[in-house]
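Notes follow the structure.
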Amino acid sequence: MPRTSERYRDARREYILDAARRAFARNGFHATSMHDLFAEAGLSSGAVYRYFAGKDEVVVAIVEDNIRQIGAMIRAVTEERADGSFGAALAAAVETIQAKHRENGLAGIGVQAWTEALRDPRIGAAFEELLTGLRSELAEVVAHYQRTNTLPPGPSAESLASVTIAILVGYIQQLALLGPDAVADVPDALRALWPSSAVAG
């Protein structure tokens with residue numbers, strides 16, 4: 001019974017977050033009230049407040065989930081392509097991000113979340129912690145490609161991980177603001193920037 005109850009709570013929490021994503025994607029964080037979230041989820045205020053004390057907690061949960069989703073997508077595609085080029089792995093990552101964006105508006109929610117991180121210290125702290133973890137994981141990926149001589153050994157893995165995050169953030173911003181057609185050529189460009197051939201030196 002406890003396991004069933006835990007699964008139910010997890011499913012209900014995710015249901016509320018899915019409703020919040022739809023409402024936020026449609027109207028933005030600031031224009032969406034808790035009453036809007038109740039209506040979107042089709043739940044009473046008490047049912048929602050059982051899981052989240054207020055809108056800020058919902059936003060923090062979505063920020064954390066977005067970063068985890070992006071990190072998981074990057075890890076998955078880089079592990080699958082460990083023997084290929086860094087460009088191919090990064091291209092696959094942005095293709096996966098685009099597919100997720102079509103499914104649940106990932107990019108638009110992400111841009112809003114970053115803006116909130118500048119306004120709200122609590123959200124900013126959560127974002128910084130998650131982003132630091134993502135940078136550390138990416139540094140391990142970069143180090144692998146440096147060892148296989150498909151990325152230059154000179155720059156530190158940490159600095160190249162920061163560059164990778166900058167590329168991904170820029171891609172997500174363009175995807176959110178300009179739409180998928182505007183960034184359709186990005187995967188091919190990434191493959192061209194970092195081909196499978198080994199770097200000199």
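Bear in mind that the values in this text are calculations on the coordinates, not laboratory data. Values in this document were obtained by computation on a predicted structure and should not be read as measured data. Counting neighbours? That spans all protein chains shown, and the Cβs are built from the backbone with ideal geometry, glycine included.
Give the calculated FRET efficiency between Leu177 and Glu129 to the nearest 0.05, with a Förster radius of 25 Å applied to their Cβ-Cβ distance. Write out the running numbers ahead of the final one.
Values: r = 26 Å, r/R0 = 1.05.
Approximately 0.40, to the nearest 0.05.
Full extension from Ile165 to Ala184: what is 0.36 nm times the residue separation minus their Cα-Cα distance, to one decimal in nm? Please list the in-between numbers first.
On the way: separation 19, 0.36 × 19 = 6.84 nm, distance 1.89 nm.
Additional length available on full extension: 5.0 nm.
Report the net charge of residues surrounding Gly108, where surrounding means a beta-carbon distance below 15 angstrom and charges are Lys +1, Arg +1, Asp -1, Glu -1. Could the numbers behind the result be given before it?
Numbers: positive: Arg21, Arg22, Arg26, Lys100, Arg102; negative: Asp18, Asp65, Glu103, Glu116.
Summing Lys/Arg as +1 and Asp/Glu as -1 gives +1.
Under 10 Å, Cα contacts only: if you run a Gaussian network model on the chain, which one of Ala189, Ala113, Ala53 comes out with the highest mean-square fluctuation?
Ranking Ala189, Ala113, Ala53 by mean-square fluctuation puts Ala53 first.
How many angstrom lie between the C-alpha centres of region 7-83 and region 136-188?
Centre-to-centre (Cα) distance: 26 Å.
Using the Kyte-Doolittle scale, which helices in the chain average at least -1.0 and also have C-alpha atoms spread 24 Å or more along the helix axis, with helices defined as whole DSSP H runs?
Working: long enough: 2-27 (37 Å, -1.50); 55-80 (37 Å, 0.17); 86-104 (27 Å, -0.03); 121-147 (38 Å, -0.05); 157-178 (31 Å, 1.53).
Qualifying helices: 55-80, 86-104, 121-147, 157-178.
State, as an integer percentage, the relative contact order of the chain based on alpha-carbon contacts under 8 Å between residues 6 or more apart. Walk me through the numbers on the way to the answer.
On the way: 193 pairs, mean separation 48.6, N = 201.
Normalised by residue count, the contact order of the chain is 24 percent.
Using 5 Å bins from zero, what percent of all Cα-Cα pairs in the chain falls into each bin?
Over the chain, the share of Cα pairs per 5 Å bin runs 1, 7, 14, 17, 17, 14, 11, 8, 5, 3, 1, 0, 0 percent.
How large is the helix-only mean residue ellipticity at 222 nm for the chain, computed as the sum of -39500 (n - 2.57) over DSSP H runs with n ≥ 4, divided by its residue count, in deg cm²/dmol to the nearest 500? Don't skip to the answer; put the middle values down first.
On the way: 9 runs with 155 residues, N = 201.
The helix contribution divided over the chain gives -26000 deg cm²/dmol.
So for region 1-52, what percent of the C-alpha to C-alpha distances run longer than 16 Å? Before the final figure, lay out the partial values.
Details: 529 of 1326 pairs.
Result: 40 percent of Cα pairs exceed 16 Å.
Considering the dipole of the chain built from charges on the beta carbon (Lys and Arg +1, Asp and Glu -1) around the Cα centre, which of Gly87, Leu160, Tyr15 is farthest to its positive end?
Tyr15
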